[in-house]
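Okay, so here's the structure we're looking at.
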Amino acid sequence: MLTTLIFACAVVAYLLGSIPTAIWYGEAYFGIDVRKHGSGNAGATNTFRVLGKRAGTVVLLIDALKGWIATSLALMLYYGHLIEWNDCQQLKLVFGFAAVIGHIFPVFSDFKGGKGVATLLGMVMSVHPEAALVCMVIFFVVFLSFNYVSLGAIVASFAFPILLLLKTFGKENDLVIVFGFLLFIMIVVTHRKNIVRLLRGQENRIYLRKRK
């Protein structure tokens with residue numbers, strides 16, 4: 001019974017992650033498929049680029065929310081007295097990862113989605129909110145300094161496991177640290193083209209304020 005429930009939650013987490021927010025929002029309010037414009041990516045960054053700040057912010061928040069909800073499904077099992085707290089922490093990682101995979105390979109849009117950064121943020125907010133807030137600050141510092149979303153995402157994702165490894169917030173679960181490094185590797189893989197463009201000086205910049 002419990003195994004079946006855990007599997008069902010993992011499937012729900014994947015389906016939540018698969019919701020193609022950028023595509024549905026763009027088509028519903030602008031009549032535009034963001035995959036046919038800008039970078040061709042179905043994520044918040046390309047939505048900012050193609051549809052503007054308001055649309056990009058909406059997509060970012062919804063993508064983060066679906067990651068947080070999916071990850072927090074483990075709490076439902078914990079508060080239902082079906083699992084212990086340590087199991088809850090482990091299942092948060094499983095469900096969160098399922099949501100991120102869903103965002104990258106969404107069943108609702110031919111398995112071609114975004115890069116998972118916003119959904120990953122929601123997941124991290126559920127797993128370790130303190131570290132997530134610090135990583136958000138790091139992201140914005142890097143982004144506002146260089147105007148590269150990809151660079152901010154890569155640096156912030158690397159900072160997450162490093163903060164835990166250094167015991168910045170006290171003793172941490174080794175599994176969470178290992179998972180943090182795996183997530184960083186995943187971010188690097190999904191941003192490999194961005195990294196090449198960064199090295200060549202060809203990466204697109206995004207400015208929060210209009211340039212004079």
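A short reminder: the numbers here are calculations on the coordinates, not readings from a lab. Note that the structure is predicted; figures quoted are calculated from it, not measured. Every residue, glycine as well, gets a Cβ built from its backbone with ideal geometry; the counts of neighbours run over all protein chains shown.
In whole angstrom, how long is each semi-axis of the equivalent ellipsoid of the stretch 21-96, when you take the square root of 5 times every eigenvalue of its Cα gyration tensor and sort them from largest down? If you can, show how the numbers build up before the last one.
On the way: eigenvalues 239, 22, 15 Å².
The three semi-axes for the stretch 21-96 are 35, 10, 9 Å.
Run the helix sum for the chain: -39,500 (n - 2.57) per DSSP H stretch of 4+ residues, divided by residue count, reported at 222 nm to the nearest 500 deg cm²/dmol. All intermediate terms of the calculation are to be shown ahead of the outcome.
Values: 11 runs with 152 residues, N = 212.
Helix-only estimate at 222 nm: -23000 deg cm²/dmol.
Quick one: net charge of MET123's neighbours, Cβ under 13 Å, K/R +1, D/E -1?
Details: positive: LYS66, LYS92; negative: ASP63.
Computed value for this residue: +1.
The coefficient of translational diffusion for the stretch 1-143, derived via Stokes-Einstein from the alpha carbon Kirkwood radius under 37 °C and 0.692 mPa s, stands at 214 µm²/s. In this structure, the amide hydrogen of GLU203, modeled 1.01 Å from its nitrogen in the peptide plane, lies closer than 5 angstrom to those of LEU198, counting only residues at least 5 positions away or on a different chain.
Annotation: peptides 161-167, 96-102, ranked by per-residue average of other Cβ atoms within 10 Å with the highest first, follow the order 96-102, 161-167. Here the mean projected area of the convex hull built on the C-alpha positions of the stretch 53-212 is 10.6 nm².
Label positions at THR3 and LYS171, each projected 7 Å from the Cα along the C-beta direction, are separated by 3.3 nm.
For the chain, the number of Lys pairs with C-alpha atoms closer than 19 Å, counting only pairs eight or more positions apart or on separate chains, is 13.
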